[in-house]
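A short worksheet on the structure shown next.
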């Protein structure tokens, strides 16, 4: 053994002498610096810091979601105020969303603040930019916040008419040297606010995949929500802080924050709007989904295009199903825009199915809708996915709403979506191809970036 070790030492020494003769000292120094820099960048991008508890639990049984005590605890935990009032309207697919959006833009009188993640050139983009430019020419102040990554498919010159008219277009976190460790942290928020009193949020953005009625593979299934009054006012929060970080402009103009009549506070009984930013030790968006599940008594229904849960969320769904709560999840089927993330979600199916969770996969086209409803009365809508990016990497915004009428509408929508989905059975899942099992296992390596 000693002889073998001595031989290995000699071999390493000889190799080092060869390297020193072949390269100059400054070349070796630059190489070492490069290796250290590469390791530092990878560590910053892919390895979280901070202490995270192995288990999340409550100090007492959570109040039911219909209780004001639940809303108070929920708002305090996620760090956002309890508000009331305003209306919310569900818009199915582009056939309902696009006309409603363009109509609201055309009726604007003071301001339009527009932030979405994806913006791609095409018919939808052309119609929208033309409408925005026209309103700017009429004296409405138009601001558009693009994501530096999500807007790569739209040329800058497409906005030239809007900018020439006086509109403002900014990009959030474009690639810059010295900022690469933050580039993968994107603005995924949906915050469209018109005159401070009408807003839109949900899963859609600006691309031709969101036109139509989910009639084929080229047109996605998705939902947007039109809000008014205090609900719309709350969306301004999701726009203004990222606008100033991208443009330097603080929005203090009263036109962005019109006074609201007492009647505006009628409508939705209670809601909490959270605009979250990435932080390793701040899991507010995770709690936004986890706490209502822990409080569920009868049912938990979620539709999500990307399911990469942390251990806490997966455990909560499993435990609720075992306790007799009707837990049903709707995910994309064979039509998806990310096979690795789909496989990562499927790697969790068996545990869910064994606990009694009902899992469904949407069949006709890619299902990009993001919504949930707990006990038929507490709704969760907005930009987040049930994945690690939404919990701790991306800028997101979501509404938690207690309103039995809206909860009933969202529940009806969920079961309508299930009519176009395939239920996954435990027996079928256990018999799946072993190669698929291997792919699912491998896909989980990238969980934290999904």
Report yes if residue 364 is touching a strand residue (DSSP E or B) at 6+ places or on another chain (Cβ under 9 Å), under 16 Å from residue 418 (Cβ atoms) and surrounded by fewer than 21 Cβ atoms within 10 Å (Cβ to Cβ), otherwise no.
-> yes
Which one of the conditions (1) closer than 21 Å to residue 393 by Cβ; (2) surrounded by fewer than 22 Cβ atoms within 10 Å (Cβ to Cβ) does residue 260 fail to meet, given that it meets all the rest?
-> (1)
Looking at (1) outside any loop (DSSP other than H, G, I, E, B); (2) in contact with a strand residue (DSSP E or B) (Cβ under 6 Å, 6 or more places away or on another chain); (3) closer than 20 Å to residue 81 by Cα, which is the only condition residue 241 fails?
-> (2)
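Are any of the residues in the stretch 405-419 in contact with a helix residue (DSSP H, G or I) (Cβ under 7 Å, 6 or more places away or on another chain), surrounded by 24 or more Cβ atoms within 10 Å (Cβ to Cβ) and either in contact (Cβ under 8 Å) with a residue 40 or more places away in the chain or under 24 Å from residue 184 (Cα atoms) (or both)? It would help to see each step written out before you state the result.
Just the residues of the stretch 405-419 that are in contact with a helix residue (DSSP H, G or I) (Cβ under 7 Å, 6 or more places away or on another chain), to begin with: none.
The answer is no, given that none of the residues of the stretch 405-419 is in contact with a helix residue (DSSP H, G or I) (Cβ under 7 Å, 6 or more places away or on another chain), surrounded by 24 or more Cβ atoms within 10 Å (Cβ to Cβ) and either in contact (Cβ under 8 Å) with a residue 40 or more places away in the chain or under 24 Å from residue 184 (Cα atoms) (or both).
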Report whether or not residue 58 is under 30 Å from residue 323 (Cα atoms) and at pLDDT 95 or above.
-> no
How many residues are closer than 30 Å to residue 72 by Cβ and assigned to a loop (DSSP other than H, G, I, E, B) when one looks only at the stretch 399-424?
-> 1
Among the candidates 76, 87, 71, single out the residue that is surrounded by fewer than 16 Cβ atoms within 10 Å (Cβ to Cβ), within 30 Å of residue 292 (Cα to Cα) and either touching a residue at least 40 places away in the same chain (Cβ under 8 Å) or assigned by TED's automatic domain parsing to the domain that holds residue 196 (or both).
-> 76
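Does residue 211 qualify as being surrounded by fewer than 24 Cβ atoms within 10 Å (Cβ to Cβ), in the same structural domain as residue 414 (by TED's automatic domain parsing) and touching a helix residue (DSSP H, G or I) at 6+ places or on another chain (Cβ under 7 Å)? Full working, then the answer.
Details: surrounded by fewer than 24 Cβ atoms within 10 Å (Cβ to Cβ): yes; in the same structural domain as residue 414 (by TED's automatic domain parsing): yes; touching a helix residue (DSSP H, G or I) at 6+ places or on another chain (Cβ under 7 Å): yes.
Here the answer is yes, as residue 211 does meet what is asked.
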Residue count for the stretch 110-127, restricted to those that are touching a helix residue (DSSP H, G or I) at 6+ places or on another chain (Cβ under 9 Å) and under 26 Å from residue 254 (Cβ atoms) = 6
Would you mind finding the one in 261, 275 that is out of contact with any strand residue (DSSP E or B) (no Cβ under 8 Å at 6 or more places or on another chain) and more than 22 Å from residue 359 (Cβ to Cβ)?
-> 261
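The values are calculated or read from the model by the stated rules, or taken from the named source; none is laboratory data. Note that this is a predicted model, so its numbers are computed, not measured. Don't worry about glycine lacking a Cβ; one is built from the backbone with ideal geometry, like all the others, and counts go over all protein chains shown.
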